[in-house]
1. If you scan segment 27-38, which residues turn out to be surrounded by fewer than 18 Cβ atoms within 10 Å (Cβ to Cβ) and either aliphatic (A, V, I, L, M) or touching a residue at least 60 places away in the same chain (Cβ under 8 Å) (or both)?
2. Would it be correct to say that Pro152 is surrounded by fewer than 20 Cβ atoms within 10 Å (Cβ to Cβ), touching a Lys or Arg at 6+ places or on another chain (Cβ under 6 Å) and in a loop (DSSP other than H, G, I, E, B)?
3. Taking the conditions exactly as written (modelled with pLDDT of 95 or more, crowded, with 19+ Cβ neighbours inside 10 Å, farther than 16 Å from Trp63 by Cβ and more than 14 Å from the chain's Cα centre (by Cα)), does Val105 satisfy them or not?
4. Going residue by residue through segment 101-113, is there one that turns out to be touching a residue at least 12 places away in the same chain (Cβ under 8 Å), under 20 Å from Asp155 (Cβ atoms) and outside any helix (DSSP H, G or I)?
5. Just the residues that are touching a helix residue (DSSP H, G or I) at 6+ places or on another chain (Cβ under 7 Å) and crowded, with 17+ Cβ neighbours inside 10 Å, please, taken from segment 110-146.
6. Looking at segment 137-149, I want the residues that are farther than 25 Å from Lys169 by Cα and touching a residue at least 12 places away in the same chain (Cβ under 8 Å) and have a partner that is among the basic types (Lys, Arg) and not in a helix (DSSP H, G or I) with Cβ atoms under 6 Å, at least 6 apart or on another chain. Which pairs are those?
7. Within segment 150-199, work out how many residues are hydrophobic (A, V, I, L, M, F, W, C) and at pLDDT below 95.
8. Return the pairs, sorted by first residue and then second, in which the second residue is surrounded by 11 or more Cβ atoms within 10 Å (Cβ to Cβ) and at pLDDT below 95, the first residue lies in segment 5-25 and is of a type outside the set (A, V, I, L, M, F, W, C) and in a loop (DSSP other than H, G, I, E, B), the beta carbons are less than 8 Å apart, and the residues are 6+ apart or on different chains.
Amino acid sequence: MANTFLAAVEARRTYYGLGKEEVVKPERIKEIVNHAVKHSPTAFNSQSARVVVLFGKESDKVWDITKEELRKIVPAENFAATEERINGFAAGYGTVLFFEDQTVVENLQEQFALYADNFPIWSNQSSGMLQFVVWTALEEEGLGASLQHYNPLIDEEVRATWNLPKEWKLIAQMPFGKPTVEPGAKDFQALEDRVKYFG
């Protein structure tokens, strides 16, 4: 069991080359996301995560929004590379949008004033754990994914397009699909410079 889990952790990589071909049914993606949202840890069992999963043309929309928002700020002479990158995310089968419900965070800040400054930090940490669980589970199903952060640039349009509550703060976007390009070799820093043991 432990070896299987660690192998899955090791296998998870960033895939930029994605295709729209169906690797697994949408129902399986829903099972994975539901399981991850239910069982990923949160501070004070706050369960502050909110997730939107977009398939097909709905997934394309989020990348069209991203492209148009970027067009407003990226110089025209540099936009071709930006557009190519965004088109790569749009080429996938779907996109997972990760949010944190700020109502939950603010309520905890009121209830536990001593830790008020920490709740936004803990909220982001729990979101990161959820993202990792979903990413690794998608990889286990034969899907490639990457993690993107075009928030807050796209926040308002995303909220309006899918009629989402204003309290949902967008944290990250995860395009996924059939891998079309394998990731390159990964370099690792020396563990003795990164980890210390005592006792």
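1. Within segment 27-38, Arg28, His35, Val37 meet the criteria.
2. It is false that Pro152 is surrounded by fewer than 20 Cβ atoms within 10 Å (Cβ to Cβ), touching a Lys or Arg at 6+ places or on another chain (Cβ under 6 Å) and in a loop (DSSP other than H, G, I, E, B).
3. Yes.
4. yes
5. Result: Phe119, Trp122, Ser123, Ser126, Leu130, Val133, Val134, Thr136, Ala137, Leu138, Glu139, Ala145.
6. Listed by first residue and then by second, the contacts come to Glu139/Arg12.
7. 2
8. Taking only residues 6 or more apart or on different chains, the pairs are Arg13/Pro183; Tyr15/Val181; Tyr15/Pro183; Tyr16/Val181; Tyr16/Pro183; Gly17/Val181.
The values are calculated or read from the model by the stated rules, or taken from the named source; none is laboratory data. As the structure is a computational prediction, the values presented were derived from the model and not from experiment. Here Cβ is always computed from backbone atoms with ideal geometry, including for glycine, and neighbour counts include all displayed protein chains.
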